[in-house]
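The values are calculated or read from the model by the stated rules, or taken from the named source; none is laboratory data. Predicted model only: the values in this text are computed from it and were never measured. Positions of Cβ are generated from backbone atoms using ideal geometry, with glycine treated the same way; all protein chains shown enter the neighbour counts. To get the accessible areas, we keep the full protein, side chains included, count just its heavy atoms, and leave off ligands, DNA and RNA. Shrake-Rupley method; radii C 1.70, N 1.55, O 1.52, S 1.80 Å.
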Amino acid sequence: MKYSRARAPAPTQSRPTATPTPTQAKPTPTPVPPPDVKAYLDRQVANSKDKKFHFTVNGKDLALTPFHVCAQKSTGANITSTCIDMRSDDGKIYDFDFVTTGPQVTSIKIHRINGESLR
């Protein structure tokens, strides 16, 4: 009787599997106001006792903390507008337009309170 030998399957080379390296989430950079508006805000905050931006509305002083800056827009020859969102101590959100002429902040207007337009 002849016995046949069963051949074992050829060993397969196992390839190392590449596990994807988790990508680290980069923090969203905090937008910075343009130099003229930033300098203005920095001065106002530095000169206040509580280190907040103060703005008077209907005779009431609002202590505000800036938290978001939108892109600067050109609104005319040498005139720009920058929107900065600020939070008051009572939790309301105010959207301010800082208008600059050249390097000077020439007006500040509130255009939204808690997302509702005032215009």
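General observations
- Subset of the stretch 78-97 (residues that are of a type outside the set (Lys, Arg) and either assigned to a loop (DSSP other than H, G, I, E, B) or touching a Leu at 6+ places or on another chain (Cβ under 6 Å) (or both)): Asn78, Met86, Ser88, Asp89, Asp90, Gly91
- All positions within the stretch 34-56 that are touching a residue at least 40 places away in the same chain (Cβ under 8 Å) and within 22 Å of Gly91 (Cα to Cα): Leu41, Phe55
- Residues within the stretch 72-103 that are touching a strand residue (DSSP E or B) at 6+ places or on another chain (Cβ under 8 Å), of a type outside the set (Val, Ile, Thr) and open to solvent by 50 Å² or more (accessible area, probe 1.4 Å), tallied: 7
- Tabulated pairs, the stretch 107-119, first over 17 Å from Tyr40 (Cα atoms) and without any contact (Cβ under 8 Å) to a residue 12 or more places away in the chain, second part of a strand (DSSP E or B) and among the aliphatic types (A, V, I, L, M), C-beta under 9 angstrom, 6+ apart or interchain: Leu118/Ile110
- First in the stretch 57-77 and without any contact (Cβ under 8 Å) to a residue 24 or more places away in the chain, second anywhere and open to solvent by 90 Å² or more (accessible area, probe 1.4 Å), Cβ under 6 Å, 6 or more apart: Thr65/Arg87; Phe67/Arg87
- Looking across the stretch 43-77, the residues that are within 21 Å of the chain's Cα centre (by Cα), among the β-branched types (Val, Ile, Thr) and assigned to a strand (DSSP E or B) come down to Thr65, Val69.
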